[in-house]
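Read through the structure below, which is laid out as structure tokens, and then see the notes.
The values are calculated or read from the model by the stated rules, or taken from the named source; none is laboratory data. Everything numeric here is computed off the predicted structure, so don't read it as measured data. No Cβ is skipped: glycine too gets one built from the backbone with ideal geometry, and neighbour counts run over all protein chains shown.
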Amino acid sequence: MFSRILVSGVALPLLVAGCAVPPSRPLEINLVALNDFHGNLEPSKYTYTPPGTTQPRTIQAGGIDVLKGALDTFRKDDPDLLFVAAGDLVGASPAASSMFADEPSIEALNRMGLVASSLGNHEFDQGPKELLRQQHGGCDSPRPAKACRFSPDFKGAGFTYLAANVVDAQTGKTLVPGWRIVDVKGVKVGLIGAVLHDLASVTIASSIKGLAVNDEAASINAVLPAMRAQGAQVFVVLIHEGGFADQPYDKADCDTLHGPIVAITKKLDPAIRLVISGHSHTGYLCKVEGKVVTQADAYGHLLSRIKLTLDPATKAVQDIQVRNVVMAPDAPGGIPFTPDAGLSAYLADVRAKSRAELAKPAARIASAISRKENASGESALGGVIADAAVAATRDQGAQIGFMNPGGIRKDLETGEGGVVSFGQAQAVLPFGNTLVVMDLTGAQLRRVLEQQWDRPASSDPSILAVSSSLTYDWDSTRPVGRRTANVKVDGVPLADDKVYRVVANNFVAEGGDNFPMFAKGTRRVETGLRDLDALIAYLQKHPEAGAAPRIHKVR
């Protein structure tokens, strides 16, 4: 049963000559939404609190056969169901997908009947050329070692990527269509896509060179006249930007939503009643000034079921019912369904083709290493990765290594006897980033550390993992620009006028994650060395790998 969010009242029946004139039967348009799939072909851990309980539970949720099975069950209720998404369908993917340039994930979504998705920031990971190849198909790729290796004839996405706010900086022409109209039960449903305006902060600068990313709400509102001219009657926004809610994933009409999506939603044209969001990897069903805003966590853990009730004459949206459904057939709070046999067989084929490569031993270590951050904001795994980057580029003079926590996607797990497989290592660093070495002055390094608090969408800092050569204290109660102290390199106090040799992955090196100071580094060397290869080499030489604390939080 759906939870209910009332958008506007329904008119009462008209009484004529003592008899009620029966109203026309309302129209119902059903949608199912996905976001931030990130090439998760297989199920993964999901922790949630089932409805009616107070204790969190961890299960395995998602997987392409499970998603397809649920969609098939939903389609029994409505064969005209519209399956849509809000970006980051690929990129930062597990090895089984990324080693084949995410083509298996695109194909799986095709088989699920996905109609359209907004672009997400990770669709830009390999640049516009690869993004457009994934849309249209073919084998001409900047990743020739991966493209068309799963199947020699990659046909591309059967769904349409949408982004009204990503345009060629010179011509103003959109990179992909901004919108699409779909006829559902005789109703023209307009789907509008957008990606976060601050795309440059979460994407490698070179991958969006020559593109302009405009304001989300202004770009969405600007296309409505053209859509109306084409007959659009109902408008749905698919946007890769999100927020956070202090209420459960299944709480309808939630009123605690905060983050960038709130301000965007408030600026949207009143004709837009539904906003399907992504990016923040959170489950919520909220309401912002009369508009319904949904998100379905990430990795296929949830699907959002959305029912629009329309006035049969005017096609105005009268009511919206929403529900987030856990994607596990036997999950408390979920629904019963059977995984799809066809996609189970397809997943088995992917596993078979990837198994030999993924199972290859990469290193042997004493124990698994966690990415969980301590009170100071650092993790053991982050420290090991930063140390590995320094070790790999010592011949380039590297002294200090940095690693962004968002680039560490999983704990480093081990198999029997402490063996780390290539697949386990690749799951930690799936982006294929390369290492860049540069010079920064001591003063610039201090600014890098202070930029950890320059978070446009959050009041919390984003603490970079650092190599063992760098230590410092931080105090969040100190004034802006003076939160770090006692900064030392190899035990010696940092000198503002001294030049230090620094290494980071190319995403951070180009100013990603709102660290623009890195982009000002001089004597830059693009090593071409993958961060993953550096990590594996380091683990092979340091089987007892770990990371003693380097950062101290004063308060």
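Before moving on, here are some points about what is shown:
- Flag if ARG351 is of a type in the set (Lys, Arg), part of a loop (DSSP other than H, G, I, E, B) and within 26 Å of GLY62 (Cα to Cα): no
- Residue count, segment 267-318 (criterion: on the phi < 0 side of the Ramachandran plot, in contact (Cβ under 8 Å) with a residue 40 or more places away in the chain and of a type in the set (D, E, K, R)): 7
- Where strands (runs of 3 or more DSSP E) sit wholly within segment 214-316, those with at least 1 residues that are among the hydroxyl-bearing types (Ser, Thr, Tyr), closer than 23 Å to ARG75 by Cβ and at pLDDT 95 or above occupy 291-296, 302-310.
- Condition broken by GLY401, with the remaining ones in (1) outside any strand (DSSP E or B); (2) of a type outside the set (Phe, Trp, Tyr); (3) buried (at least 16 other Cβ atoms within 10 Å of the Cβ) satisfied: (1)
- Being at pLDDT below 95 and of a type outside the set (S, T, N, Q) holds for only one residue in GLY442, GLY432, and it is GLY432.
- If you go through segment 495-518 and keep only what is of a type in the set (A, V, I, L, M) and modelled with pLDDT under 95, you end up with VAL508, ALA509.
For (1) in contact (Cβ under 8 Å) with a residue 12 or more places away in the chain; (2) assigned to a strand (DSSP E or B), each residue gets a yes or a no:
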{"position": "ALA427", "(1), (2)": "yes, no"}
{"position": "GLY432", "(1), (2)": "yes, no"}
{"position": "LEU435", "(1), (2)": "yes, yes"}
{"position": "ASP439", "(1), (2)": "yes, yes"}
{"position": "VAL448", "(1), (2)": "yes, no"}
{"position": "ASP460", "(1), (2)": "no, no"}
{"position": "ILE463", "(1), (2)": "yes, no"}
{"position": "SER468", "(1), (2)": "yes, no"}
{"position": "TYR472", "(1), (2)": "yes, yes"}
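- Taken as a whole, the structure places SER105 among residues that are modelled with pLDDT of 95 or more, among the polar types (S, T, N, Q) and within 24 Å of GLY423 (Cβ to Cβ).
- Within segment 384-398, being part of a loop (DSSP other than H, G, I, E, B) and either farther than 18 Å from ASP439 by Cα or in contact with a Ser or Thr (Cβ under 7 Å, 6 or more places away or on another chain) (or both) holds for one residue alone: THR393.
- Filtered residue count, segment 69-99, keeping only those that are surrounded by 24 or more Cβ atoms within 10 Å (Cβ to Cβ), modelled with pLDDT of 95 or more and out of contact with any strand residue (DSSP E or B) (no Cβ under 8 Å at 6 or more places or on another chain): 1
- On the stretch given as segment 507-549, residues that are in a loop (DSSP other than H, G, I, E, B) and small (Gly, Ala, Ser) total 7.
- Sole residue being within 27 Å of SER201 (Cα to Cα) and assigned by TED's automatic domain parsing to the domain that holds ASP36, chosen from SER117, SER151: SER117
- Every residue from segment 318-331 that is in a strand (DSSP E or B) and within 21 Å of ALA86 (Cα to Cα): ILE320, GLN321, VAL322, ARG323, ASN324, VAL325, VAL326
- For ALA366, the conditions (1) among the aliphatic types (A, V, I, L, M); (2) at pLDDT below 95; (3) within 24 Å of the chain's Cα centre (by Cα) are fulfilled apart from (3).
- Any hit, segment 474-481, residues being surrounded by 19 or more Cβ atoms within 10 Å (Cβ to Cβ), under 18 Å from ALA443 (Cα atoms) and of a type in the set (Phe, Trp, Tyr): yes
- Among (1) surrounded by fewer than 23 Cβ atoms within 10 Å (Cβ to Cβ); (2) assigned to a loop (DSSP other than H, G, I, E, B); (3) not hydrophobic (A, V, I, L, M, F, W, C) - the single one THR203 does not satisfy: (1)
- Selection within segment 37-63: residues that are in a loop (DSSP other than H, G, I, E, B) and in contact with a His (Cβ under 8 Å, 6 or more places away or on another chain). The member of this set that is nearest to ASN121 (Cα to Cα) is HIS38.
- Residue among GLY511, GLY481, GLY417, GLY423 that alone is within 23 Å of the chain's Cα centre (by Cα), more than 19 Å from THR203 (Cα to Cα) and assigned by TED's automatic domain parsing to the domain that holds HIS542: GLY423
- First in segment 522-543 and more than 19 Å from ALA465 (Cα to Cα), second anywhere and modelled with pLDDT of 90 or more and charged (D, E, K, R), Cβ under 6 Å, 6 or more apart: THR522/ASP439; ARG523/ASP439; PRO543/ARG364
- Complete set of residues in segment 490-514 that are surrounded by 14 or more Cβ atoms within 10 Å (Cβ to Cβ), more than 13 Å from LEU440 (Cα to Cα) and out of contact with any Phe, Trp or Tyr (no Cβ under 6 Å at 6 or more places or on another chain): ASN505, ASN506, PHE507, GLU510, GLY512, ASP513, ASN514
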